[in-house]
1. Which ³J(HN,Hα) values in Hz, rounded to whole numbers, follow from the phi angles of the stretch 38-55 under the Karplus curve 6.51 cos²θ - 1.76 cosθ + 1.60, where θ = phi - 60° and Gly and Pro get x?
2. Order the peptides 47-56, 22-31 from the highest to the lowest mean number of other Cβ atoms within 10 Å of their residues.
3. At 0.36 nm per residue, and after removing the present C-alpha to C-alpha distance, how many nm does the segment from Val125 to Leu169 gain when stretched out fully?
4. Per residue Cα convex hull volume for the chain, in cubic angstrom?
5. Between Ser27 and Lys145, what is 0.36 nm times their sequence separation minus the Cα-Cα distance? Round to one decimal in nm.
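A short reminder: the numbers here are calculations on the coordinates, not readings from a lab. Keep in mind the model is a prediction, meaning the values are calculated, not measured. Every residue, glycine as well, gets a Cβ built from its backbone with ideal geometry; the counts of neighbours run over all protein chains shown.
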Amino acid sequence: MKMIKLEESLMEETMVEIFEWFRDFLSGEWAVFLTAWLPFAELRLSIPLGIARGIDPERVYLLAVIGNMVPVIPLLLLLKPVKRLLKSHFSLMKKFFDYLDKRTIKKSDKVDKYGAFGLILFTAVPFPTTGAWTASLAAVLFNIKFKYAFLAISFGVIIAGIVVMIMSLVIW
């Protein structure tokens with residue numbers, strides 16, 4: 001358990017460093033937008049960092065939600081064929097995707113039970129590994145049609161953004 005917390009802490013520190021790098025070379029707004037793209041950060045990290053850096057909360061919310069949604073379309077459309085190609089050519093990728101699939105299935109019982117509505121719930125809860133990236137993987141694993149998956153993940157991201165925004169404003 002301590003090892004997992006240590007790994008999460010190191011991952012969070014790395015994401016903060018990436019945010020700061022984006023901010024130093026681009027701007028605070030770009031840092032919020034681009035950090036929200038990242039699979040381990042998403043808007044759960046980009047919103048509090050943007051607010052902590054003094055960026056207008058409404059702008060932070062909008063940039064984080066849009067940034068978090070950018071990777072969803074390519075993930076939903078390309079994940080299955082790319083995964084199949086990589087698994088068939090590289091044994092390490094096969095092990096990685098088998099692990100990722102098992103982990104995602106284990107964490108996404110609501111998606112399996114409720115389909116697209118479950119994706120909303122799964123994405124809306126701003127916990128580690130429940131964001132748009134993992135929801136996209138779950139949608140592919142459970143064969144949820146693109147339009148339903150995209151709408152569900154979008155609503156989930158909007159809800160998660162509101163939750164994270166409220167929590168961030170209360171803290172800061």
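1. Those phi angles translate into 5, x, 9, 9, 6, 7, 4, 10, 5, 5, x, 5, x, 5, 4, 8, x, 7 Hz.
2. Numbers: 47-56: 19.5, 22-31: 16.1.
By packing density, highest mean first, the sequence is 47-56, 22-31.
3. On the way: separation 44, 0.36 × 44 = 15.84 nm, distance 1.75 nm.
Full extension from Val125 to Leu169 adds 14.1 nm.
4. Numbers: hull volume 21.1 nm³, N = 172.
Each residue corresponds to 122 Å³ of Cα convex hull volume.
5. Numbers: separation 118, 0.36 × 118 = 42.48 nm, distance 3.67 nm.
Extending this stretch completely gives an extra 38.8 nm.
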